[in-house]
Ligand code: F3S
Ligand code: F3S
């Protein structure tokens, strides 16, 4: 699957969100996250990110590996202060901005 890495933190340009044909890029507080099972690996998002934050998970640069896990965790575990995980909402537009991050991203120093 495709994942969003460190360069998105505090930039969150959202050009990728517009581009995704299945609407599986969700906006958190500091960055956006790609849903690992809703993503159909079309790759349309990757070239439009102005800070080149998007990678195929296998190609994420050394030092950013944690972001592969965080893209998944954003959906599979409750975010800090919440009781239930987002799961598979099926549409980022329908869900709306999430406005929160995983604990790792919340604390991330870029
Ligand atoms: Fe969407 Fe990018 Fe996946 S455009 S389907 S998140 S590869
Ligand atoms: Fe982030 Fe780039 Fe998308 S900065 S929100 S991954 S266009």
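A short reminder: the numbers here are calculations on the coordinates, not readings from a lab. Nothing here was measured: the structure is a model prediction, and the numbers come from that model. Here the Cβ is made from the backbone with ideal geometry for all residues, glycine too, and neighbour counts use every protein chain on show.
The stretch between residue 91 and residue 15, if pulled fully straight at 0.36 nm per residue, gains 25.7 nm over its current Cα-Cα span.
Placing a pseudo-label 7 Å from each Cα along the Cα-to-Cβ vector at residue 83 and residue 109 gives an inter-label distance of 3.6 nm.
Dividing the mean sequence gap of close Cα pairs (under 8 Å, 6+ apart) by how many residues the chain holds gives a relative contact order of 34 percent. Is any residue of the range 60-81 close enough, with backbone N under 14 Å, to a label point placed 7 angstrom from the Cα of residue 46 along the Cα-Cβ axis, and if so, which? So the set is 60-61. Note on residue 66 and residue 100: with the Förster distance fixed at 22 Å, the Cβ-Cβ geometry gives a FRET efficiency of about 0.80.
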